[in-house]
Amino acid sequence: NMTANPCFIMFTQKSIQCCLSCNHLSSGPQVAMNVYELSSAAGLPCEIDPALVVALSSQKSGKNPEEEYKIACLLMVFVAVSLPTLASNVMSQYSPAIEGHCNNIHCLAKAINQIAAALFTIHKGSIEDRLKEFLAVCITSF
């Protein structure tokens, strides 16, 4: 019989949610990524998108990790200083007709959070500290 037991599925999802709620980052980045991959495969939301981490990791050369980390930081600075220009664009105005923005700027916050989380998971930087710096640069750019 190929049908899954609903109790088993519920137990599995609750177990995965429990793993997500634990402080698995202190166990190391590989353990955290394993938990995120498991959660993503189970259809549960994750703080860090494991597919994005894998895609970005494949772009690393590995020759100079410090330079790659600086490039990741510079990418976030570029995004931060570009926000005022993007925000002042006429396409960034809310349109009641489509109940959104013509250029999808309303999706930008989620994209920035996901990219920062993935980049600084790869480069073993503090995601929270880098996002605080990102906000500081944003504030000074406006």
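Remarks
- The residue of the range 20-79 that is least open to solvent (accessible area, probe 1.4 Å), among those that are modelled with pLDDT of 80 or more and either over 14 Å from residue 119 (Cα atoms) or of a type in the set (S, T, N, Q) (or both), is 57.
- All positions within the range 97-129 that are under 19 Å from residue 32 (Cα atoms), part of a helix (DSSP H, G or I) and more than 12 Å from the chain's Cα centre (by Cα): 129
- Hits in the range 75-111 - residues which are among the aromatic types (Phe, Trp, Tyr) and out of contact with any helix residue (DSSP H, G or I) (no Cβ under 9 Å at 6 or more places or on another chain): 78
- Residues of the range 87-114 satisfying the condition of being open to solvent by 60 Å² or more (accessible area, probe 1.4 Å), among the small types (Gly, Ala, Ser) and farther than 20 Å from residue 128 by Cα: 88, 97
The values are calculated or read from the model by the stated rules, or taken from the named source; none is laboratory data. Note that the coordinates shown come from a computational prediction; the quantities given were computed from them, not determined experimentally. Cβ sites come from the backbone with ideal geometry, for glycine too, and all protein chains shown count toward neighbours. Heads up: the accessible areas ignore ligands, DNA and RNA and are worked out on the full protein's heavy atoms, side chains in. Shrake-Rupley method; radii C 1.70, N 1.55, O 1.52, S 1.80 Å.
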